[in-house]
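The values are calculated or read from the model by the stated rules, or taken from the named source; none is laboratory data. All of these numbers come straight from a predicted model, not from anything done at the bench. No Cβ is skipped: glycine too gets one built from the backbone with ideal geometry, and neighbour counts run over all protein chains shown. Side chains are part of the model used for accessible areas, which takes the heavy atoms of the whole protein and leaves out ligands, DNA and RNA. Shrake-Rupley method; radii C 1.70, N 1.55, O 1.52, S 1.80 Å.
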Amino acid sequence: MGFGNAGPVILQGKRLLITGVITKDSIAFHAAERAQREGASVLLTSFGRVRRMTERAAARLPQPVEVLELDVNRPEDLEALTESLRQRWGGVDGALHAIAFSPEDALGGRFMTAPASSAVQAFQTSAFSLKALGAAVAPLMPEGSSIVGLDFDATVAWPIYDWMGVAKAALESVNRYLARDLGPSGIRCNLVSAGPLGTVAARGIPGFEQLAALWRQQAPLGWDTADPAPVASTICFLFSDYARGITGEILHVDGGFHAVGAPSTAAD
Ligand SMILES: NC(=O)c1ccc[n+]([C@@H]2O[C@H](COP(=O)([O-])OP(=O)(O)OC[C@H]3O[C@@H](n4cnc5c(N)ncnc54)[C@H](O)[C@@H]3O)[C@@H](O)[C@H]2O)c1
């Protein structure tokens, strides 16, 4: 689903920190690309052994960008990130949290056997990290700034998603608490609850394809698991001043799947 470049841009002059780009398929890559086309300046983050992959993707953006080091679980990386942003830009107007990880034994139908340590790891990397990132960028954010995270609807239990689903429920709550604590500084915090998209993280979940097939069947607007553009556009909307009255919110970009209980064809 394309979205042209003509017309006014909505992120002119915004300085955005975008985490979570690992390949050109990453949702964050599409958000970074869209944001640049909307007039934003962008910095990416990556860490450890996947850094080279991020750098390769970064070079393919409309304007190639720098990649800063960030393992979101390392306090020293978060401190260094604040300092790097201060030196490069002096401030930051938006941050995208596109980070999730769960050990294999806490996913794919292993809910009942996963050890606490794996559930805790999923929670720390996928939910607590939104607070960690927020705390690192908030001191540099002027009024009107915006933090955006990526959610998978956690109001229900899914097949295969297991402790990652529990971590997403925590993420939804962290989003509300961040909105509460950063709102008085004029900083907004929202989530985009996306339908399934065929990224590295998603394909790693056994059973992803069955869920994707169900989505295509049930979503009133239909759903293309190969098209992250609608999610990227909504992320940019939430970074923009058009969303200045929105915080603590979860916007579903899922073709309307969440609004219906069964595929319309079920009665046929
Ligand atoms: N793909 C989907 O179907 C889907 C649907 C809804 C929500 N999401 C969410 O979107 C976000 C981005 O995922 P994606 O699907 O683009 O996959 P992806 O694999 O491209 O991105 C996941 C990112 O998390 C990063 N990451 C993992 N551990 C990290 C750590 N300790 N520190 C810093 N970064 C770390 C990885 O490097 C990677 O860049 C995730 O929060 C995911 O849960 C994805």
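A compact table of results
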{"quantity": "Criterion (without any contact (Cβ under 8 Å) to a residue 40 or more places away in the chain and touching a Lys or Arg at 6+ places or on another chain (Cβ under 9 Å)) met by exactly one of ALA116, ALA154, ALA127, ALA100", "calculated": "ALA154"}
{"quantity": "Residue list for region 213-232, restricted to those being closer than 16 Å to ALA259 by Cβ, among the aliphatic types (A, V, I, L, M) and open to solvent by less than 20 Å² (accessible area, probe 1.4 Å)", "calculated": "ALA219"}
{"quantity": "Qualifying residue in region 252-259 (condition: surrounded by fewer than 15 Cβ atoms within 10 Å (Cβ to Cβ) and out of contact with any Gly (no Cβ under 9 Å at 6 or more places or on another chain))", "calculated": "yes"}
{"quantity": "Number of the exception - ILE27 against (1) without any contact (Cβ under 8 Å) to a residue 60 or more places away in the chain; (2) surrounded by 21 or more Cβ atoms within 10 Å (Cβ to Cβ)", "calculated": "(1)"}
{"quantity": "Complete set of residues in region 223-268 that are free of Cβ contacts under 8 Å to residues at least 12 places away in the same chain and among the basic types (Lys, Arg)", "calculated": "none"}
{"quantity": "Among (1) in contact with a Phe, Trp or Tyr (Cβ under 8 Å, 6 or more places away or on another chain); (2) surrounded by fewer than 21 Cβ atoms within 10 Å (Cβ to Cβ); (3) at pLDDT below 95 - the single one TYR161 does not satisfy", "calculated": "(2)"}
{"quantity": "Candidate set from region 80-126 (those that are of a type in the set (Val, Ile, Thr) and outside any loop (DSSP other than H, G, I, E, B)); member that is farthest from the ligand (Cβ to nearest atom)", "calculated": "THR82"}
{"quantity": "Sole exception among (1) within 14 Å of the ligand (Cβ to nearest atom); (2) closer than 22 Å to LEU16 by Cα; (3) open to solvent by less than 20 Å² (accessible area, probe 1.4 Å); (4) not aromatic (Phe, Trp, Tyr) for ALA167, by number", "calculated": "(2)"}
{"quantity": "VAL148 being open to solvent by 20 Å² or more (accessible area, probe 1.4 Å) and either within 24 Å of GLU209 (Cα to Cα) or in contact (Cβ under 8 Å) with a residue 60 or more places away in the chain (or both)", "calculated": "no"}
{"quantity": "Single residue of region 207-229 satisfying the filter (within 17 Å of the chain's Cα centre (by Cα) and within 12 Å of the ligand (Cβ to nearest atom)) that is nearest to SER264 (Cα to Cα)", "calculated": "THR225"}
{"quantity": "Pair list, Cβ under 8 Å, 6 or more apart: region 46-75 residue modelled with pLDDT of 95 or more and charged (D, E, K, R), other residue open to solvent by less than 90 Å² (accessible area, probe 1.4 Å) and in a strand (DSSP E or B)", "calculated": "ARG51/VAL67; ARG51/GLU69; GLU55/SER46; GLU55/VAL67; GLU66/LEU43; GLU66/LEU44; GLU69/THR45; GLU69/SER46"}
{"quantity": "Subset of region 169-203 [without any contact (Cβ under 8 Å) to a residue 60 or more places away in the chain and either over 22 Å from SER145 (Cβ atoms) or polar (S, T, N, Q) (or both)]", "calculated": "ALA169, ALA170, SER173, SER185, PRO196, ALA202, ARG203"}
{"quantity": "Region 188-206, residues that are away from the ligand (no atom under 12 Å from the Cβ) and more than 21 Å from LEU133 (Cα to Cα)", "calculated": "PRO206"}
{"quantity": "Condition check for TRP158: farther than 25 Å from ALA136 by Cα, of a type in the set (Phe, Trp, Tyr) and not in a helix (DSSP H, G or I)", "calculated": "yes"}
